[in-house]
Amino acid sequence: MSSLNYISLAKRESKVEQTLSASAFRKFPESAELITGVTVTLAFYFDDQRKLNVDGTATTKARMICFRCNQPIMLDLVSEISSILVFSEEDAVEATKMGDHHRKGLVVVSKNEPDMVEIVEDELLLSLPQSIEQLELLGHRCDLRENSPQGEAELKERQFPFAGLRDKIEASKE
Ligand SMILES: [Zn+2]
């Protein structure tokens, strides 16, 4: 396994199937907590321009806090991965000049040892709902009570939504 790197994976046109621990995903905000591992299926290959491609999917479940009503929402996240791996910012700039970023995402990897978290984490973050409209499309209906906190208290809870969730979980146990 020690000789395994992105280049050897691509040369062998390897397919990697792994379940990654949720705790390995450090960029996720506390307001969107992964509640299962992340299952990845990724195919590595060189295209005819000798670019290192990775295609596949990453799936997981997350518990997110609605930005408006602060209620927890369970989400099935599925990310389609279609990226070109580059090994430095210079390569990324070069690939951008070539227009590669128009057809595929660019992932700048920090080392040659394969790290599936590095490849899928940003895409998974981007698959999180970004607006109330997207949450409604997923079936969420805001629970806005008459006596919901207003003003500063509300703002504070929005900035730290996970604190609110923890209180609610504690309250539901009683
Ligand atoms: Zn809501």
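Please treat every number below as a calculation from the coordinates, not as lab data. Not measured: the values here are computed from a predicted model. No Cβ is skipped: glycine too gets one built from the backbone with ideal geometry, and neighbour counts run over all protein chains shown.
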For this session: Give the number of residues within the range 84-111 that are surrounded by 14 or more Cβ atoms within 10 Å (Cβ to Cβ) and either in a loop (DSSP other than H, G, I, E, B) or touching a strand residue (DSSP E or B) at 6+ places or on another chain (Cβ under 7 Å) (or both).
Result: 13
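Residues are listed down the side, and each one gets a yes or a no for (1) more than 22 Å from PRO114 (Cβ to Cβ); (2) more than 16 Å from the ligand (Cβ to nearest atom); (3) out of contact with any helix residue (DSSP H, G or I) (no Cβ under 9 Å at 6 or more places or on another chain); (4) in a loop (DSSP other than H, G, I, E, B):
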{"residue": "SER8", "(1), (2), (3), (4)": "no, yes, yes, no"}
{"residue": "GLU33", "(1), (2), (3), (4)": "yes, yes, no, no"}
{"residue": "THR36", "(1), (2), (3), (4)": "no, yes, no, yes"}
{"residue": "THR41", "(1), (2), (3), (4)": "no, yes, yes, no"}
Exercise. If only one of ILE65, ILE73, ILE81 is surrounded by fewer than 19 Cβ atoms within 10 Å (Cβ to Cβ), in contact with a helix residue (DSSP H, G or I) (Cβ under 7 Å, 6 or more places away or on another chain) and aliphatic (A, V, I, L, M), which one is it?
Worked result: ILE73
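How many of the residues in the range 45-86 are more than 14 Å from the ligand (Cβ to nearest atom) and either of a type outside the set (S, T, N, Q) or in contact with an Asp or Glu (Cβ under 7 Å, 6 or more places away or on another chain) (or both)? Let's see the steps before the verdict.
So in the range 45-86, the residues more than 14 Å from the ligand (Cβ to nearest atom) come out as 45-62, 76-86.
Those still in the list that are either of a type outside the set (S, T, N, Q) or in contact with an Asp or Glu (Cβ under 7 Å, 6 or more places away or on another chain) (or both) too: 45-48, 50-58, 61-62, 76-82, 84-86.
Going through the range 45-86 one residue at a time, the tally reaches 25.
Name every residue in the range 11-28 that is surrounded by 13 or more Cβ atoms within 10 Å (Cβ to Cβ) and not hydroxyl-bearing (Ser, Thr, Tyr), in order of residue number. It would help to see each step written out before you state the result.
First, the residues of the range 11-28 that are surrounded by 13 or more Cβ atoms within 10 Å (Cβ to Cβ): 11, 14-16, 18-20, 22, 24-25, 28.
Matches in the range 11-28: LYS11, LYS15, VAL16, GLN18, LEU20, ALA22, ALA24, PHE25, PHE28.
Identify all residues within the range 50-88 that are among the polar types (S, T, N, Q) and without any contact (Cβ under 8 Å) to a residue 24 or more places away in the chain; write none if there are none.
Our first condition is that a residue be among the polar types (S, T, N, Q); within the range 50-88, this holds for 53, 57, 59-60, 70-71, 79, 82-83, 88.
THR59, SER88 - these are the residues of the range 50-88 that are among the polar types (S, T, N, Q) and without any contact (Cβ under 8 Å) to a residue 24 or more places away in the chain.
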